[in-house]
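Enquirer: Here it is: the structure, laid out below.
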Amino acid sequence: MGHSKQERKANYGRLFQNGVITTLHNLADRPVEELEKDLQGWSNERPMSLIIPALYSEFEGPAMPEIITQLETNSYLTEIIIGLDRADSRQFKMVKEQVRIYQLM
């Protein structure tokens, strides 16, 4: 027999908590070196990806290129995924080319 809507909603919460996506919290409360050591150790056990939600406008200024430059030097990420929002096809192609320069694709 099927589950009620309320039972399904309760299961979604458990599924999310027990899934393969981990969210790191309180990043500012730890020294960067300690966090990077943990990330390196975890990456030896499981591949790690970073998802960066971004707007097209964030690629027009200096911040996103600097973030990407910093991420290039890590040794613990298997892949970096940029979720681009509010971009038309021309803007998507421009960001794709910019990211390709940083060898993230």
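The values are calculated or read from the model by the stated rules, or taken from the named source; none is laboratory data. Because the structure is predicted, anything quoted here is derived from the model rather than measured. Here the Cβ positions follow ideal geometry from the backbone for every residue, glycine too, while neighbour counts run over all protein chains shown.
Quick grid of which residues meet (1) under 16 Å from the mean Cα position of the chain (by Cα); (2) at pLDDT below 80:
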site	(1), (2)
Phe16	no, yes
Val20	yes, yes
Leu24	yes, yes
Asp29	no, no
Glu33	no, no
Glu36	yes, no
Trp42	yes, no
Met48	yes, no
Ile52	yes, no
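Enquirer: Right, something else. Can you work out which of the residues in the range 42-64 that are acidic (Asp, Glu) and surrounded by fewer than 14 Cβ atoms within 10 Å (Cβ to Cβ) is nearest to Lys96 (Cα to Cα)?
Expert: Across the range 42-64, the extreme among qualifying residues is Glu60.
Enquirer: Now for a separate question. Are any of the residues in the range 59-77 touching a helix residue (DSSP H, G or I) at 6+ places or on another chain (Cβ under 6 Å) and over 20 Å from Arg46 (Cα atoms)?
Expert: Yes, the range 59-77 has at least one match.
Enquirer: Sort out which residues of the range 55-105 are among the polar types (S, T, N, Q), free of Cβ contacts under 8 Å to residues at least 24 places away in the same chain and in a helix (DSSP H, G or I), and write them in order of number.
Expert: Across the range 55-105, the qualifying residues are Gln70, Ser89.
Enquirer: Can you pull out the residues in the range 73-82 that are touching a Leu at 6+ places or on another chain (Cβ under 6 Å) and modelled with pLDDT of 90 or more?
Expert: Once the filter is applied, which keeps residues that are touching a Leu at 6+ places or on another chain (Cβ under 6 Å) and modelled with pLDDT of 90 or more, the range 73-82 yields Tyr76, Leu77.
Enquirer: While we're on this one: Could you list, in sequence order, the residues of the range 70-80 that are among the β-branched types (Val, Ile, Thr) and either surrounded by 12 or more Cβ atoms within 10 Å (Cβ to Cβ) or more than 15 Å from the chain's Cα centre (by Cα) (or both)?
Expert: Looking only at the range 70-80, we keep the residues that are among the β-branched types (Val, Ile, Thr), and these are 73, 78, 80.
Those that are among the β-branched types (Val, Ile, Thr) and either surrounded by 12 or more Cβ atoms within 10 Å (Cβ to Cβ) or more than 15 Å from the chain's Cα centre (by Cα) (or both): Thr73, Ile80.
Enquirer: Name every residue in the range 83-98 that is touching a helix residue (DSSP H, G or I) at 6+ places or on another chain (Cβ under 7 Å) and modelled with pLDDT under 90, in order of residue number.
Expert: Hit for the range 83-98 is Gln98, nothing else.
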